[in-house]
Amino acid sequence: MNILTWQLLCAFLFSCGIYGVLTRGSGVSILISVELMLNSAALNFVIFNRYMAPAKMDGQIMAIFILALAAAEVLVALSIFVMLFRIKRSSDVTELNTLKH
């Protein structure tokens, strides 16, 4: 496959993530959509590294950093969702307009 095909795949994955963030109401669904966007960006780094400078490992290193960032983001977001669920008894982010308790 050539680079254009891979870029179209990454654009499709990223647009699916954007659609999920904008249309979903559940916090976990939004988190999954953000993870899809981050994985699309990591795939983009690997693809560009493969076609532009195959001898270097810059794209793979950036992909590992993105995966580490995604793991930290999941940890923080899920802890926030658990606390909000304990307070409001709902995981619907559309009804969470304040964080006061």
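The values are calculated or read from the model by the stated rules, or taken from the named source; none is laboratory data. Because the structure is predicted, anything quoted here is derived from the model rather than measured. In this analysis, Cβ positions are derived from the backbone assuming ideal geometry, glycine residues included, and neighbour counts consider all displayed protein chains. What goes into the accessible areas is simple: the full protein's heavy atoms, side chains included, and nothing from ligands, DNA or RNA. Shrake-Rupley method; radii C 1.70, N 1.55, O 1.52, S 1.80 Å.
Using DSSP to call loops (not H, G, I, E or B), can you name the trypsin sites (Lys or Arg not before Pro) in region 11-74 whose Cβ has at most 15 other Cβ atoms within 10 angstrom?
Answer in residue order: 56.
Give me the accessible area of residue 66, 1.4 Å probe, in Å² rounded to the nearest 10.
Only protein atoms counted, so the area is about 20 Å².
Quick one: Karplus J couplings for region 27-40, per residue in order, coefficients 6.51, -1.76, 1.60, θ = phi - 60°, nearest Hz, x for Gly and Pro?
With coefficients 6.51, -1.76 and 1.60, one gets x, 5, 5, 5, 5, 5, 5, 5, 5, 5, 5, 5, 5, 5 Hz.
Taking the Cα atoms only, what angle lies between the long axis of helix 3-23 and the longest principal axis of the chain, rounded to 10 degrees?
That works out to roughly 10 degrees.
Taking N as the number of residues in the chain, what value does Rg over Cα atoms divided by 2.2 N^0.38 Å take?
For the chain, the normalised Cα radius of gyration comes out at 1.33.
Build a GNM of the chain with springs between Cα atoms under 10 Å: which of 76, 21, 34 gets the top mean-square fluctuation?
Of the options given, 76 has the highest mean-square fluctuation.
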